[in-house]
Amino acid sequence: MKIYFFALAMLALAAANATAQNRPVVIDGGTLIDGTGRAPIADAVVVFQDGRIRDVGRRGEVKPPDGAEVINAKGRTILPGLIDGHCHLRDWMGEIYLHFGITTCPTISNNPTDWVIAQREGVKNGTIRGPRVWANGNVIDGPPPEGMGGLRRQRMSTFVNNEEEARAAVRAAIAKGVDGFKLFERLRPQDAKAAAEEAHRAGKPVIGHTLDIYVSADAGYQSVEHAWSVLFTTITDPKKKKEIDFARITGKMSTAEALSFMERDQFDKLIKTMVARNVHWSPTWGTTYRPIARRGADMRKEEAALLNDPNLRYLPSYIPKDVEKLYSLFAKAPPELRARLEQGYKNVQEFARRFVAAGGKIHLGSDPDAILAGYGLHAELEMAVEAGLTPIQAIEGVSLNVAEAWGRQRDYGSVEKGKVADIVIVNGDVANDIRATMRVEKFFMDGKPVDLAFHPDYKNPIPRPIVDRPEQEAGK
């Protein structure tokens, strides 16, 4: 009899929990920037339940359901869950992305395929605390030019020498369950096209490093990464292109300096092709140029406070070192070099303005090589507005644009009826102050509230099987 009553009690508790979980939630009174590029909706109401958005509109147009949990968002901005447009996933990054309102990491770094898929599944089943993962695995690349064989990134790349090998590499990754592909710049054009065709046949997107965006557009890439893709595409002298490429990739010239050699008279022709072929672009200017951004000095202080947060004591030592190295590059630059660095930044801003004005779709994201993951996305947003984009356009770059490139726009990327309830509430008016995106107050992923705090004991249960940086191997 006792067992019977205990069982009944457990069933009642389970039913109560199910009822609580199924209770609708209403976000009431904030300003909605929905991620689609439409004008903000003041005094908005968003209703979600069971992980999906049930209704969206202005107060008076949407009737809150009876018994709903109501969140007062007056004075706040309601945003779609942020998607890092250039996400690099490492095992220590999960809760840092969450702290900054990032629901989704379309990871395009060179990770071991099995590991990144395990991360994706771990987040899905709740055993890993981190953003949703859209997984590419090892990048596919061609052999490096002579003298570049020691590049760090190539330890994990899948190298191919012909079209057949390119197709086989794609098929092998698809068999493991990847969501998309990153193709690198040393692929021969015909091999890149073969790899992209094989990926698209399986419905998988292709994101690429490239030295020639025209080749990537012809191959059907969904997005090209970094401002240097524009740099090398616009240089018309092959010899000059080769010299700058070699100097940049071997460390004789920083990427920031190399971008001063962009040829602006080639911009409009390139933009026309990218827009016609719907090739998205990610400038990654935060990890390159934030020391000379308008608020660069303040950004440095913000980032220093994060790097010194005792609750982030698990950060690897190379992160503050790389951040300091970048700031020192600009602070210690002699006048001639400083002028070239500033010219490079102006070139990237100019291309971004023209690209977006022509209808091009931009991605903004962390690219956390010399910037803290998560924080980098917000630096990118601020720099996008500094370059001349509107806050509405900038938000598209961390929401619907990225979802579209990955073929996930049906479910993700905007606050619209029927979509997954990935929603961020920030304190402030993002339409007039893009920095308000950092002031995350509440955050829902799949309709569930997310813990925004840092925890000093944060640990990924599936460690990355290789080191992040070569100096770790040397015990430095």
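The values are calculated or read from the model by the stated rules, or taken from the named source; none is laboratory data. The shown structure was predicted, so the numbers you read here are calculated from the model rather than taken from an experiment. Cβ atoms come from the backbone with ideal geometry, glycine included; neighbour counts cover every protein chain shown.
The set of residues in region 294-306 that are surrounded by 15 or more Cβ atoms within 10 Å (Cβ to Cβ) and either touching a residue at least 60 places away in the same chain (Cβ under 8 Å) or of a type in the set (Ser, Thr, Tyr) (or both) comprises Arg295, Met299, Glu302, Glu303, Leu306.
For Pro463, the conditions (1) crowded, with 16+ Cβ neighbours inside 10 Å; (2) part of a loop (DSSP other than H, G, I, E, B); (3) modelled with pLDDT of 95 or more are fulfilled apart from (1).
Taking region 175-234 as the search range and keeping residues that are of a type in the set (Val, Ile, Thr) and surrounded by fewer than 21 Cβ atoms within 10 Å (Cβ to Cβ), which one is farthest from Ala256 (Cα to Cα)? First the steps, then the outcome.
Filtering region 175-234 down to residues of a type in the set (Val, Ile, Thr) leaves 178, 206-207, 210, 213, 215, 224, 230, 233-234.
Still in the list and also surrounded by fewer than 21 Cβ atoms within 10 Å (Cβ to Cβ): 215, 234.
On the way: Val215: 24, Thr234: 16 Å.
Across region 175-234, the extreme among qualifying residues is Val215.
Among the residues of region 123-137, is any surrounded by fewer than 24 Cβ atoms within 10 Å (Cβ to Cβ), under 26 Å from Ala219 (Cα atoms) and at pLDDT below 95? No, every residue in region 123-137 fails to be surrounded by fewer than 24 Cβ atoms within 10 Å (Cβ to Cβ), under 26 Å from Ala219 (Cα atoms) and at pLDDT below 95. Screening Leu341 with (1) over 20 Å from Gly374 (Cα atoms); (2) modelled with pLDDT under 95 gives one miss only, at (2). Exactly one residue out of Lys325, Lys346, Lys321 is assigned to a helix (DSSP H, G or I), among the basic types (Lys, Arg) and either farther than 22 Å from Glu257 by Cα or in contact (Cβ under 8 Å) with a residue 40 or more places away in the chain (or both): that is Lys325. If you scan region 177-194, which residues turn out to be closer than 25 Å to Gly365 by Cα, more than 21 Å from the chain's Cα centre (by Cα) and of a type in the set (A, V, I, L, M, F, W, C)? Hits for region 177-194 are Leu187, Ala192. Limited to region 145-174, what total is found for residues that are out of contact with any Asp or Glu (no Cβ under 9 Å at 6 or more places or on another chain), crowded, with 17+ Cβ neighbours inside 10 Å and at pLDDT below 95? Qualifying residue count for the region: 0. Among the conditions (1) touching a strand residue (DSSP E or B) at 6+ places or on another chain (Cβ under 8 Å); (2) assigned to a helix (DSSP H, G or I), the only one that Lys182 does not satisfy is (2). Going by the structure shown, is Ser399 closer than 28 Å to Met262 by Cα, among the hydroxyl-bearing types (Ser, Thr, Tyr) and surrounded by 24 or more Cβ atoms within 10 Å (Cβ to Cβ)? Here the answer is no, as Ser399 does not meet what is asked.
For region 97-145, the set of residues classified as touching a strand residue (DSSP E or B) at 6+ places or on another chain (Cβ under 7 Å), among the charged types (D, E, K, R) and over 21 Å from Val402 (Cβ atoms) consists of Asp141 only. Only helices (runs of 4 or more DSSP H) whose full extent lies in region 225-295 are considered here, and the ones with at least 3 residues that are aliphatic (A, V, I, L, M) and farther than 20 Å from His378 by Cβ are 238-249, 267-276. Among the conditions (1) within 15 Å of the chain's Cα centre (by Cα); (2) at pLDDT 95 or above; (3) farther than 17 Å from Val450 by Cα, the only one that Leu98 does not satisfy is (3).
Of the residues Asp91, Asp50, the single one that is in contact with a helix residue (DSSP H, G or I) (Cβ under 9 Å, 6 or more places away or on another chain), over 30 Å from Gly137 (Cβ atoms) and at pLDDT 95 or above is Asp50. Checking each residue in region 328-340 for being of a type in the set (A, V, I, L, M) and assigned to a helix (DSSP H, G or I) picks out Leu329, Ala331, Leu337, Ala339.
If the condition is being among the β-branched types (Val, Ile, Thr) and closer than 14 Å to Gln190 by Cα, then region 214-244 contributes only Val215.
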